[in-house]
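A.B. asks: My questions all concern the structure below.
The values are calculated or read from the model by the stated rules, or taken from the named source; none is laboratory data. Keep in mind that what you see is a predicted model, and the values were worked out from it rather than measured. Cβ placement follows ideal geometry from the backbone for every residue including glycine, while neighbour counts extend to all protein chains displayed. Side chains are part of the model used for accessible areas, which takes the heavy atoms of the whole protein and leaves out ligands, DNA and RNA. Shrake-Rupley method; radii C 1.70, N 1.55, O 1.52, S 1.80 Å.
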Amino acid sequence: MKRKIAVLANGWNYQSISHALKGIRSVTDKLDIDVFLFLSFAAYAQSASRNAGEDAIFSLTDYTEFDGVIIFSEMLNSTETPKRIAKTLVENKIPAVSVGLPMEGLDFVGIDNFKGMYQMVDHLVKEHHIKNPVFLAGAKEHPDSNERLDATRQALAANGIELKDENIRYTNWEYVASMEFAMYYARLPQKPDAFICANDYNAIAACIGLNKLGYSVPKDFIVTGFDKIAYAETFYPSITTVYQDYEKIGYIAAWQLMEKVEGISHANQVIVSSSFVKNESCGCKSTEEAEPVRHDFCIHSYMNEMESLVKQNDSSEMIGSIFKGSTYEDLKNNLLDYYSKANNFSGKEFYFILDSNARKTLISSSFPIKKTYSEKMCCLIAVKDDKSEYLGDFDRKLLIPDYQKADKPLVYTFTSMHFDDHLFGYIVLSDAIDLIWDTSLNHYMIQMNYNLEQYRKNCKLDEMNKALRNISNTDQLTGLNNRFGMEQNAVPILANANEKKKKCAIMFADINRMKHINDNFGHLQGDLAIRTVASSLLAEIPEKWVGIRYGGDEFIAVGECKDEKIVEDYIERMNAYLKNQVDSMQLAYPLTISCGYIITDPSSSLSLIDYINQADSVMYVHKQQTYEEEKERKQASSVATNIKSLDELPHMK
C-alpha cells in the first residue's frame with residue numbers, strides 16, 4: 001500500500017516551510033513516503049473571505065487516507081483553523097504532530113521564541129545601552145508575536161527598563177504599517193533609541209522608513225528582527241535577528257510522527273531552541289564582516305532578475321493563451337493547447353483540477369459558485385513526463401486522478417483556486433520547493449485566481465450577450481430564427497459549406513390558404529396555425545440545420561445536405577408530423593403546407609437570398625399544383641346540375 005503523510009502550512013512563510021520540507025524529506029525519503037503538502041496563502045492583511053478561500057485547501061481531503069499529518073499550526077494565521085483540524089484528527093485517531101502551537105490530543109514540536117529574543121534584548125541593553133525601545137509587533141492574537149513581546153518585556157524589566165504601552169504597535173506583519181510606524185516614532189520630539197521588531201520583514205521595513213527620513217541604522221537607531229530570513233543577511237545594514245532552525249524542526253516533527261505511526265513514540269512534546277544572531281543593525285558586525293554574503297547575493301541578483309523576467313513573460317503568455325475565450329469549452333481546449341506546447345513547470349507533475357460545480361458556473365451562470373468543494377472533480381490538464389492530457393472526471397477523495405507511487409518519493413503541493421471564498425478547484429505540483437522558496441508559486445496562484453474570476457465573468461457576460469442575441473434573433477411567436485437570426489446563423493452555414501466544397505439544402509415552406517384561416521376563423525387561430533407548422537418544422541429538422549420564420553406564413557430550413565433524399569425525407573417527416581398534430585387538435589379548418597427546395601452549388605457565387613428566391617419559386621409551383629389538384633377533386637365531387645336521379649349522386653369515400 002502507498003504510504004503518504006499530509007503536511008499543512010502557510011505559503012507566506014516560504015523560507016521556513018522550504019527549510020522544514022528539507023528536514024521532513026530527510027526522513028520520508030528514507031522511508032519511501034510521499035508528502036502531500038496542503039499550502040494556504042492566507043494572510044492577516046487580506047480579507048476574511050479571501051483567507052477562507054485559501055484555507056479551504058485544508059478541507060479538500062479526508063485525512064484518514066493518510067498515515068499521519070504534520071500541522072505547522074503557528075503559520076496558519078488563525079488559532080481556530082488548526083484547532084478545527086486537530087479536533088478532526090483526534091476524533092478519527094489519525095497520528096499527528098503540531099508544530100508551533102500545542103493542540104489537544106496531538107504530539108507537539110515547539111519553537112522557543114522566548115530564549116533567543118530574551119538574549120537579544122538583554123544584549124541590546126547591556127552592550128548598546130538602549131533605554132527607550134519601540135516594539136513593532138505582528139498580529140495582536142498571534143502567539144509567536146506575543147511570546148516575542150513577552151520576552152522583550154521581561155528582558156527589559158530585568159535591566160530596570162519598562163516597555164511603555166504607547167511604544168507597542170501592532171503591524172499585522174504588514175510592510176507599509178511597519179515602515180509608517182517607524183517614521184512616526186522618528187518624528188517625535190522624544191525619539192526612541194531602538195526598534196525591536198517581531199520579524200525580519202518588519203525590521204527591514206522600519207529601516208527603509210528611517211532611511212526615507214535621512215536617518216542611518218545603527219548610527220541613529222538600532223533595529224532588530226526575528227527569523228533570520230535570507231534578506232536579513234543581505235540587507236544593508238544586515239539585520240540583527242533570532243534564528244529558528246526549521247530544517248531541524250521539520251526533521252524532528254517527521255521522526256516524531258513516524259514513531260507515533262509505528263506506535264513507538266517516546267515523547268509527545270519536543271522544544272527546539274532559537275539562537276541570537278549579531279549583525280550590523282545593532283552595531284555588532286562590521287561592514288567588512290557582512291560584505292561577503294552581500295557580495296554573493298549581488299552576483300546572483302542579476303541572474304535572479306533575468307529568471308524572474310522570463311517567468312513573468314511565461315506567465316503573461318500563459319494568461320494570454322488560456323484565458324482568451326469566454327466559455328468552458330474554450331478554457332478546456334486552451335489549457336490542452338497551451339500545455340501541449342509549453343510547460344511553466346518543466347520536469348514537474350502538474351494538474352489543473354476544476355471543481356464540478358465551478359464547471360457548471362462556467363457553462364451556465366444560473367448555477368451559483370459554491371464555498372465548499374464538491375465530491376466530483378474534473379482534471380482539465382495533467383502534465384507528467386512533459387506530456388499533457390485531459391483526464392476528465394474523478395472522485396475528489398483521490399486528490400490526484402492518476403496518482404501512483406513513483407520510483408522515488410515525491411512532495412505534491414496542493415493550492416486552492418478561488419476568488420474570495422468561492423471555490424474553483426485546486427492546482428497540484430510535484431516537488432515545488434524551489435517555487436515556494438522564490439515565491440513564484442504564490443505569484444502564479446494570485447494570477448491564476450484573479451484570471452479565473454475574470455474568466456467566469458466573461459463566461460457570464462458571453463452568456464448574457466447570447467441571450468440578448470437570441471432575443472433579437474428569435475421570432476417571439478414560433479421560437480424560430482427571424483430575419484436577423486437568419487443573418488447570424490443561416491448565412492454562415494452556407495458560407496462554411498461553400499468553403500468546404502459541400503452542398504446545402506434551402507427548403508421553403510408556405511402555409512396553404514392562410515388568408516382563408518385568418519378571414520374565417522380569426523387571427524388567434526391564424527397564430528395557432530403558424531405555431532403548429534413551426535413546431536413541425538423544428539421537430540423533424542436535421543441536426544445542425546437552422547429553422548427560420550421568413551415572413552408571415554413562410555418558413556425556411558437551411559443546412560448541409562449530401563443529396564436530395566435527405567431534404568425529401570425531411571419534408572415527408574415534417575408533413576406527417578403536421579398531419580398528426582392537426583388530427584389530434586381537431587382543428588375546424590384544414591392545415592397543410594407547400595414546400596420547395598434547392599440544392600446549392602459550392603462553386604456558385606449566389607447568396608442565401610438568391611437561393612431562397614429560387615426555393616420560393618419551386619414551392620410556388622408545388623402550391624399551384626396542389627390548388628389544381630384540390631380544384632379537380634372538388635369538381636369531381638360536386639353535384640351536377642343535370643342529375644335526374646339519386647343514383648347519379650357521387651359516392652362519399
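A.B. asks: Within segment 496-515, does at least one residue satisfy the condition of being buried (at least 17 other Cβ atoms within 10 Å of the Cβ), part of a helix (DSSP H, G or I) and within 47 Å of the chain's Cα centre (by Cα)?
C.D. replies: Yes, segment 496-515 contains at least one residue that is buried (at least 17 other Cβ atoms within 10 Å of the Cβ), part of a helix (DSSP H, G or I) and within 47 Å of the chain's Cα centre (by Cα).
A.B. asks: Given Phe394, Phe345, Phe367, which one is closer than 29 Å to Ala20 by Cβ, surrounded by fewer than 21 Cβ atoms within 10 Å (Cβ to Cβ), of a type in the set (Phe, Trp, Tyr) and over 13 Å from the mean Cα position of the chain (by Cα)? Let's see the steps before the verdict.
C.D. replies: Numbers: Phe394 fails: closer than 29 Å to Ala20 by Cβ; Phe367 fails: closer than 29 Å to Ala20 by Cβ.
Result of the check over Phe394, Phe345, Phe367: Phe345.
A.B. asks: I've got another one for you. Loosely packed, with under 15 Cβ neighbours inside 10 Å, free of Cβ contacts under 8 Å to residues at least 12 places away in the same chain and among the aliphatic types (A, V, I, L, M): is that true of Leu188 in this structure? Working first, answer last.
C.D. replies: Numbers: loosely packed, with under 15 Cβ neighbours inside 10 Å: yes; free of Cβ contacts under 8 Å to residues at least 12 places away in the same chain: yes; among the aliphatic types (A, V, I, L, M): yes.
The answer is yes for Leu188.
A.B. asks: Oh, and also: I'd like to know if segment 195-215 contains one or more residues that are among the hydrophobic types (A, V, I, L, M, F, W, C), closer than 15 Å to Ser145 by Cα and touching a Cys at 6+ places or on another chain (Cβ under 8 Å). Break it down into steps so the answer makes sense when it comes.
C.D. replies: Of all residues in segment 195-215, those among the hydrophobic types (A, V, I, L, M, F, W, C) come to 195-198, 203-208, 210, 213.
From what's left, closer than 15 Å to Ser145 by Cα: 195-198, 203.
Narrowing further to those that are touching a Cys at 6+ places or on another chain (Cβ under 8 Å): 203.
There is at least one residue in segment 195-215 that is among the hydrophobic types (A, V, I, L, M, F, W, C), closer than 15 Å to Ser145 by Cα and touching a Cys at 6+ places or on another chain (Cβ under 8 Å).
A.B. asks: Of (1) surrounded by 20 or more Cβ atoms within 10 Å (Cβ to Cβ); (2) β-branched (Val, Ile, Thr); (3) assigned to a helix (DSSP H, G or I), Ile196 satisfies all except one. Which?
C.D. replies: (3)
A.B. asks: All but one of (1) within 19 Å of Leu423 (Cβ to Cβ); (2) not in a helix (DSSP H, G or I) hold for Ile57, so report the exception by its number.
C.D. replies: Every condition holds for Ile57 apart from (2).
A.B. asks: Can we say Ser49 is touching a residue at least 60 places away in the same chain (Cβ under 8 Å), over 22 Å from the mean Cα position of the chain (by Cα) and in a helix (DSSP H, G or I)? If you could, list the steps in order and put the result at the bottom.
C.D. replies: Numbers: touching a residue at least 60 places away in the same chain (Cβ under 8 Å): yes; over 22 Å from the mean Cα position of the chain (by Cα): no; in a helix (DSSP H, G or I): yes.
So Ser49 fails the test.
A.B. asks: Among the listed residues Ala529, Ala557, Ala534, which satisfies the condition of being open to solvent by less than 40 Å² (accessible area, probe 1.4 Å) and in a strand (DSSP E or B)?
C.D. replies: Working: Ala529 fails: in a strand (DSSP E or B); Ala534 fails: in a strand (DSSP E or B).
The match here is Ala557.
A.B. asks: Let me ask another. Anything in segment 231-261 that is open to solvent by less than 20 Å² (accessible area, probe 1.4 Å), in contact with a helix residue (DSSP H, G or I) (Cβ under 6 Å, 6 or more places away or on another chain) and outside any helix (DSSP H, G or I)? List them, or say none.
C.D. replies: Hits for segment 231-261 are Pro237, Ser238, Ile239, Thr240, Thr241, Val242.
Okay, residues lined up against (1) open to solvent by less than 40 Å² (accessible area, probe 1.4 Å); (2) closer than 22 Å to Leu423 by Cβ; (3) at pLDDT 95 or above:
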residue	(1), (2), (3)
Ser40	yes, yes, yes
Ala43	yes, yes, no
Ala48	no, yes, no
Ala52	no, yes, no
Gly68	yes, no, yes
Ser73	yes, no, no
Ser78	yes, yes, no
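A.B. asks: Here's a follow-up. For segment 108-140, name all the residues that are aliphatic (A, V, I, L, M), closer than 17 Å to Asp200 by Cβ and either part of a helix (DSSP H, G or I) or open to solvent by less than 10 Å² (accessible area, probe 1.4 Å) (or both).
C.D. replies: Of the residues in segment 108-140, the ones aliphatic (A, V, I, L, M) are 109, 111, 117, 120-121, 124-125, 130, 134, 136-137, 139.
With the extra rule that they be closer than 17 Å to Asp200 by Cβ, the set shrinks to 111, 117, 120-121, 124, 134, 136-137, 139.
The answer is Met117, Met120, Val121, Leu124, Val134, Leu136, Ala137, Ala139.
A.B. asks: Of the conditions (1) open to solvent by 30 Å² or more (accessible area, probe 1.4 Å); (2) modelled with pLDDT of 85 or more, Leu435 satisfies every one except a single condition; which number is it?
C.D. replies: That leaves (1) as the condition not met.
A.B. asks: When Pro102 is evaluated against the numbered criteria (1) in a loop (DSSP other than H, G, I, E, B); (2) touching a Ser or Thr at 6+ places or on another chain (Cβ under 6 Å), which criterion, by number, is the only one it fails?
C.D. replies: (2)
A.B. asks: If you don't mind, there's one more thing I want to ask. So is Ile264 in a loop (DSSP other than H, G, I, E, B), out of contact with any Pro (no Cβ under 9 Å at 6 or more places or on another chain) and more than 24 Å from Ala186 (Cβ to Cβ) or not? Lay out the reasoning, then the answer.
C.D. replies: Values: in a loop (DSSP other than H, G, I, E, B): yes; out of contact with any Pro (no Cβ under 9 Å at 6 or more places or on another chain): yes; more than 24 Å from Ala186 (Cβ to Cβ): yes.
Against the criterion (in a loop (DSSP other than H, G, I, E, B), out of contact with any Pro (no Cβ under 9 Å at 6 or more places or on another chain) and more than 24 Å from Ala186 (Cβ to Cβ)), Ile264 qualifies.
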